[in-house]
């Protein structure tokens, strides 16, 4: 019962957050000095043509009406225009991109595999690398390994992703010609090419993020080493491995899981800069295109999608948190 | 399905194009049929819906769709209008208010049905529907009843297009218009089988009238065109239809496209690119002899210009505007555009661009290429601004390193005491700002390529007062009733030579009022693979003619 | 939006002697690096006067007439142009980096101040008041962590009229998107402090909420605030550079590291020095500040040493 209340409360919270995001996004994009109808108007664009285009896209309605149409469209689908050439956007309709002639949700789902490949691949790498080197550093505190790892880590958090990516492309792509400099190959076409095109972005993302996790892990483990229960475990004569493995590591899990959930959520919503630098046609690239071409329905859809992913990941983190730490189960945020 | 490429014994590289590249002293052989042509694109889509297209007749849309008229282009010659579906380019007996076309015999769509006048009419009508608007719409206000027509999908016809029989079309215009044959070469005049083409995604699988049809359309990845068996070269002198298959590779980064074409390995030997070569890659090419040979630069192109908003503050005074003509540094602008004057394009002094019949060359404001700041200052002082101008806004698009070019302008006019703030905008926000009704800017940097090779298309959209705001491109908001009248008069003249004289006079007249400062005629440079033949850039437009490309070895 | 170490380990509040900082070699190195950059930014006028160029003048003589790339090797590095020149314009790269330092430091520091003020206030409220205020603030903070803020910033940048000074807009927006991190730490610390006896005592004595917040809690919070603030500055600098890289940051011609890096992307294979100089400057700036921040954190929280 408590669990059900917990889950129910969270879901409601998620819904409220999404609605607020939708509202704020709509207001901001509505204020943009762009008339999406103008882009559908052609050249030369006469006032008559413009009026027809605005009417067709539903832009003559006041903003709250448009928002309501958008929200009802999510549940019931939406139709633009009338007659045989009307455009039908089937439920769930998160908007229709007139510029790309496709439903927003179709555009997002077609790009999702790219972003997912990038995010998940990098995530696996940085988790292993980051937590691993953090543990190593903590256990071997003060040695050369520790110093070297932490030096690498601080350099990692100081390097912007795009800079490292550009350098990587320069060295491994153009100069050494070892990896392709951009593009994406779907895994179903050729797993080898898929991995080969992603290896550089994975490594770049993994390094920058692993640096963060290494620092976090090391800090948490050192803190744990000072805790009473560790001293007790040592006093009890448990092997160093068990001390490290079971007890200290569990202390690390919570903050790492929290951080990981947030990071993964942010990345799955579209790693805007990385995709741009490496020419990967993912959701981040879609968002940049949407902003630059002022494709408002697409922009709104992508923003909502990003918020949805973040909210879901937060929810997942909360669940795992609840499982891992009995103190927080049923408690408040 | 890939076909084996037929290998030729002789090398065939017929490179033509004035400008920075050298003429090839090689024997040119005819391009042979066969092979797969690769078109590398930086865009995610390339739809083939004629109603929504603003494309030129000689580029990709022309591979799939024929039109009433086509453009006849050849290296070193002005472009002329040529019949495509019709037996002639259109005839008029009443001074340009009514135009008659007769279709050729034996024309068929890719699905086997014959192309009739009703299909051409349906194609034009379709462009009026909101679902399919977005293409060039010059015809919409010229046809009688066009301004209120909303498309054929509710069952209504556009009566000003008459189809007395299956081969004849008669267009009734609202006023005499001598350039109607050029209008009939715009994309909306491609035939669509009557009653079809109702889905918004028609552009992904259209019914073709040209040499190729779309066999696969995968957005963001690739498009495949295969031969349209119903197309015959006998009825189509404007297209060669040589390659067996054409593959578009979508969503490529433009720097990667340039690199692939420079490296010229594997299938890239059979490749051409849609985006032109950026200045950074042009620089890279200089050291690569093989790539340099495959670089084709146009001799002229769109006119890049600085538009001055004549409705704002000190800019209402023509002397102040004329000061800008002397204050700008066109040679710095050339370097900022493409690294050198040869690659960037010639200094511009007229509004009509080279390669268009009727153009006369003149320079009302002679100055050295670096400008004449002293004269600019003198003009400003005479107009009551001895200390120069302050706080002017220059809007510019983020694309195509325009922001850097704007900085060249900013630095140049600062020498005459004119202080300018640059506002870079994303390309669609930029379009909105300059074509919207507010006009909240003092200066704008942009370029314009005529939509068809008539001086009309260089002057009317930019300087007629009807094109101010509401989506029109009269960015300088110039309004001169005498010029408006002269434009309407020149548009009604059917004989292109007589019309040309009137247009040249209008060009001079507008330049006297100095609403814009023409900067350069932008050259475009394109790379192609070593096995591509027939690749040339005509005098106008500054884009290669895709309809005549073939593959050889 | 990075979440760094120290989130879940509230500090004890009482710092060790600051002199201890001098023994941390890395922190000292960071201070030196940062100091040099501050000197570069502050002395940009003087240094560029010595060199003889400013970041605005076009200098076609320094370019190769065939292609527009810098004449001379290494991107045109010479006694005349210490860092070489920018292709196609010939503008002096050293001057661009020096004045760009001003832009980056100004925006980085100012937006951090905004983040800290906003975040500390909200974190204090969330931690002290608890209940719904805490729930709402924490939820909003969580969503903001992962929000595609770059897109938002680009969009908002497109909306605001030119009359609104761009640097101010960036400071406000970047500051606004950084409060969540500060709030999280301040909240955690506040929760711990709330249990302490001196807080309870002051309530018993009749102090109002404001007085408790201001007199009792805030003075004990400045340590973690300083730490997270110092670690936030390099992130803000990097965010401004990222925005400029995407073309939505400081408009030209004011020099900006991010915009220079963005322009340098196309020239990677032809003129890599164009990327390396501003890129190195950005790296040094963020690295130095991170080292200083680490040093401060080690100072205030001995357990993490």
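A short reminder: the numbers here are calculations on the coordinates, not readings from a lab. These figures come from a predicted structure and were not determined experimentally. Every residue, glycine among them, receives a Cβ derived from its backbone with ideal geometry; neighbour counts consider all protein chains shown.
Between residue A:235 and residue B:292, the modelled label-to-label distance comes to 8.2 nm, taking each label 7 Å out from Cα in the direction of the beta carbon.
Divide by every residue of chain B the summed helix terms, -39500 (n - 2.57) for each DSSP H run of at least 4, and state the resulting mean residue ellipticity at 222 nm, rounded to the nearest 500 deg cm²/dmol.
Details: 16 runs with 138 residues, N = 553.
Calculated mean residue ellipticity at 222 nm is -7000 deg cm²/dmol.
For the stretch B:256-374, the C-alpha radius of gyration divided by 2.2 N^0.38 Å, with N the number of residues, is 1.38.
If you take the beta carbon distance between residue A:3 and residue C:25 as r and set R0 to 51 Å, what does 1/(1 + (r/R0)^6) give as a FRET efficiency, to the nearest 0.05?
Details: r = 51 Å, r/R0 = 1.00.
According to the calculation, E is roughly 0.50.
Relative contact order for the stretch A:105-332: 27 percent, from Cα pairs under 8 Å spaced at least 6 residues apart, divided by residue count. Percent of Cα pairs in chain B per distance bin of 10 Å, from zero to the largest separation: 4, 17, 27, 26, 18, 6, 1, 0. Placing pseudo-labels 7 Å out from each Cα toward the beta carbon at residue A:16 and residue B:88 gives an inter-label distance of 7.7 nm.
What translational D, rounded to a whole number of µm²/s, comes out for the stretch A:70-109 from Stokes-Einstein when the hydrodynamic radius is the Kirkwood one over Cα pairs, at 20 °C and 1.002 mPa s? This corresponds to a translational diffusion coefficient of 212 µm²/s. Summary of the geometry: the stretch B:234-307 and the stretch B:476-500, compared by the centres of their Cα atoms, lie 37 Å apart.
Pull out the extension gain between residue A:174 and residue A:82, defined as 0.36 nm times the separation in residues minus the alpha carbon to alpha carbon distance; nm, one decimal. Intermediate values should be presented prior to the final figure.
On the way: separation 92, 0.36 × 92 = 33.12 nm, distance 5.26 nm.
In short, 27.9 nm is gained.
Seen through its C-alpha gyration tensor, with square-root eigenvalues sorted a ≥ b ≥ c, the stretch B:144-187 comes out oblate because a/c lies at 1.5 or above while a/b is not bigger than b/c. Kirkwood's formula applied to the C-alpha pairs of the stretch C:60-199 gives a hydrodynamic radius of 18.5 angstrom.
The DSSP beta bridges internal to the protein assembly as shown are antiparallel in roughly 75% of cases. Counting every pair of alpha carbons in the stretch A:92-131, the share spaced more than 15 Å apart comes to 55 percent.
Remark: the Cα gyration tensor places the stretch A:105-332 in the oblate category, a/c being 1.5 or greater and a/b not exceeding b/c. Computed from the C-beta positions of residue A:323 and residue A:23, the FRET efficiency with R₀ = 35 Å rounds to 0.60.
Could I get the Rg over Rh figure for the stretch A:2-103? Both from C-alpha atoms, Rh via Kirkwood, rounded to two places. It would help to have the intermediate numbers written out before the result.
On the way: Rg = 17.0 Å, Rh = 15.6 Å.
Here the Rg-to-Rh quotient is 1.09.
Indicate the gyration tensor shape class of the stretch B:39-80 (rounded, prolate or oblate), computed on the Cα atoms with a ≥ b ≥ c the square roots of the eigenvalues: a/c under 1.5 is rounded; otherwise a/b larger than b/c is prolate and the rest oblate.
Details: a/c = 2.83, a/b = 1.51, b/c = 1.87.
Cα axes put the stretch B:39-80 in the oblate bin.
Relative to the longest principal axis of the Cα atoms of chain A, the long axis of helix A:144-158 lies at roughly 20 degrees.
Taking neighbour counts of Cβ atoms within 10 Å as a proxy for exposure, in what order, fewest first, do B:385, B:528 appear? Provide the component values of the computation, followed by the final result.
Working: B:385 19, B:528 24.
Ranking B:385, B:528 by Cβ neighbours within 10 Å, fewest first, gives B:385, B:528.
The three principal axes of the Cα atoms in the stretch C:41-126 give end-to-end lengths of 63, 27, 19 Å, sorted in falling order. For the protein assembly as shown, the equivalent ellipsoid derived from the Cα gyration tensor has semi-axes of 56, 34, 30 Å, listed largest first. Dividing the summed helix terms, -39500 (n - 2.57) for each DSSP H run of n ≥ 4, by the number of residues in chain A produces a 222 nm estimate of -23000 deg cm²/dmol to the nearest 500.
Across the stretch C:17-304 the C-alpha pair distances fall into 5 Å bins from zero in the proportions 1, 6, 11, 13, 14, 14, 12, 10, 7, 5, 3, 2, 1, 1, 0, 0, 0 percent. Enter the angle in degrees (range 0 to 90, nearest 10) between the Cα long axis of helix B:373-382 and the first principal axis of the Cα atoms of chain B, meaning the one along which they spread out most. Roughly 60 degrees, rounded to the nearest 10. Relative to the dominant Cα principal axis of chain B, helix B:254-263 is inclined by about 60°. Convex hull volume of the Cα atoms of the stretch B:51-117, normalised per residue: 136 Å³. Label separation (residue B:437 vs residue A:65): 1.8 nm, computed from points 7 Å beyond Cα along the C-beta direction. Of the Cα atoms belonging to the stretch B:297-436, the radius of gyration and Dmax stand at 15.3, 44 Å.
What number, rounded to the nearest 500 deg cm²/dmol, is the helix-based mean residue ellipticity at 222 nm of chain C, given -39500 (n - 2.57) per DSSP H run of at least four residues and division by all its residues? Before the final figure, lay out the partial values.
On the way: 11 runs with 189 residues, N = 305.
Result for chain C, helices only: -21000 deg cm²/dmol.
Note down the Stokes-Einstein diffusion coefficient of the stretch B:160-302 in µm²/s, whole number, using a Kirkwood radius over alpha carbon pairs, 4 °C, and 1.567 mPa s. Translational diffusion coefficient: 67 µm²/s. Dividing the C-alpha radius of gyration of the stretch B:87-162 by 2.2 N^0.38 Å, with N its residue count, gives 1.20. Taking all Cα-Cα distances within the stretch C:152-305, those exceeding 19 Å account for 66%. Rg then Dmax, both in Å and based on the Cα atoms of the stretch A:137-189: 16.5, 48. Its relative contact order, with pairs defined as Cα atoms under 8 Å and 6+ residues apart, puts the stretch A:2-103 at 17 percent.
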